[in-house]
Amino acid sequence: MRLKSKVAFISGGARGMGASEGRLFSKEGAKVVLGDLREDLGRKVASEIRASGGEAIFIKLDVTDEQSWRRAISETISQFGQLDILVNNAGITATGGILETSEETWISVMDVNAKGVFLGTKVAIPEMKQISGGSIINISSQMGLVGSDTGNPAYNASKGAVHIFTMSAALRHAKDGIRINSVHPGPINTPMLSSGFTDTERERAVLSRTPMGRRGEPDEVAYGVLFLASDEASFITGASLVIDGGYLAQ
Ligand code: NAD
């Protein structure tokens, strides 16, 4: 098993890619904590994992709130004793260009996608130092590495922030044995994508620029996150793993 006895906290674990990572991590031997605002869905995923023989709990978490992070991580420690892995996966999206984006939208997208990653990292690092190591995986996007003429500017900027934040955090904590990497998915078949692509024209436009010509599946990202979480990636920090069907190769 690739994560035997490790404790993994996944933000935004109630659905989409976070839930896939929770299920996969559990199959690989991890004790899994799912943190999310969506209580019913999160509890359901945790109980499904337990029903198939894994160890998992749900903790209500608002990633924009430092106290909420502190409570969630301290509950994780009292339940499972330590924290080895954090996946900063929670995120929200928005539609419209610069002229259609309100200040409120900018602030809320930045709060969840960028501040949420900073707070999770800040609260996790002291716990990882206790065990002299850990792995943090920050979920950015293909849109965190290039500009986009069709995407939402707040979303793109927030994902770019996650990319650079990841590299700085990795440099700062390499000597603590804490590896920090980012993952950059292309269009993945999750509830977020379905809500972002209400306009099929837009989906066609994005997919026509994706060399593999299809949406990815949540597990296709989860396997990349699993690798970075595991000891197989022991010399990888500050890296960006692109999982995008070839979009960024053009
Ligand atoms: P999703 O909407 O299916 O799941 C995101 C989860 O985050 C939800 O369960 C939601 O409740 C949770 N969340 C939102 N705000 C939160 C908050 N303040 N506190 C705690 N939890 C919160 O989305 P997904 O597609 O699985 O996306 C997961 C991550 O991958 C996000 O960061 C997203 O930006 C990124 N991403 C998605 C795609 C895609 O095409 N789906 C592509 C690139 C990157």
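See the values below:
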{"item": "Mean Cα-pair separation over length for the range 141-250, i.e. relative contact order, pairs under 8 Å, 6 or more apart, %", "result": "36 percent"}
{"item": "Relative contact order [Cα under 8 Å, 6+ residues apart], the range 49-115, whole percent", "result": "28 percent"}
{"item": "Sum of -39500 (n - 2.57) over DSSP H runs of 4+, divided by residues of the chain (222 nm, nearest 500)", "result": "-14000 deg cm²/dmol"}
{"item": "For Met212, Met17, order by how many other beta-carbon atoms lie within 10 Å, fewest first", "result": "Met212, Met17"}
{"item": "Label zone at Ile131 (point 7 Å along Cα-to-Cβ), backbone N below 16 Å, the range 13-28", "result": "25-28"}
{"item": "Over the chain, relative contact order from alpha-carbon pairs under 8 Å, at least 6 apart, %", "result": "19 percent"}
{"item": "Difference of contour (0.36 nm per residue) and Cα-Cα distance, Ala157 to Leu171", "result": "2.9 nm"}
{"item": "Cα gyration tensor category, rounded, prolate or oblate, for the range 84-143 with a/c compared to 1.5", "result": "prolate"}
{"item": "Degrees separating the helix 66-80 axis from the principal Cα axis of the chain, which is the longest one", "result": "40 degrees"}
{"item": "Distance-filtered residues of the range 20-54 - backbone nitrogen under 15 Å, label point 7 angstrom along Asp219 Cα→Cβ", "result": "20-28"}
{"item": "Net charge of neighbours whose Cβ lies under 14 Å from the Cβ of Pro185, counting Lys and Arg as +1 and Asp and Glu as -1", "result": "-2"}
{"item": "Pairwise label distance in nanometres, Lys4 with Ile98, each label 7 Å out on the Cα-Cβ vector", "result": "5.4 nm"}
{"item": "Cα→Cβ-extended label distance, 7 Å offset, between Asp65 and Arg38, nm", "result": "1.9 nm"}
{"item": "Inter-centroid distance (Cα atoms) of the range 161-196 relative to the range 131-151, Å", "result": "3 Å"}
{"item": "Fraction in percent of alpha-carbon pairs per bin - 5 Å, the range 1-128", "result": "2, 12, 22, 23, 18, 11, 6, 4, 2, 1, 0"}
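None of the figures in this text is laboratory data; all of them are computed from the coordinates on show. Because the structure is a prediction, the values reported are computed rather than measured. Here Cβ is always computed from backbone atoms with ideal geometry, including for glycine, and neighbour counts include all displayed protein chains.
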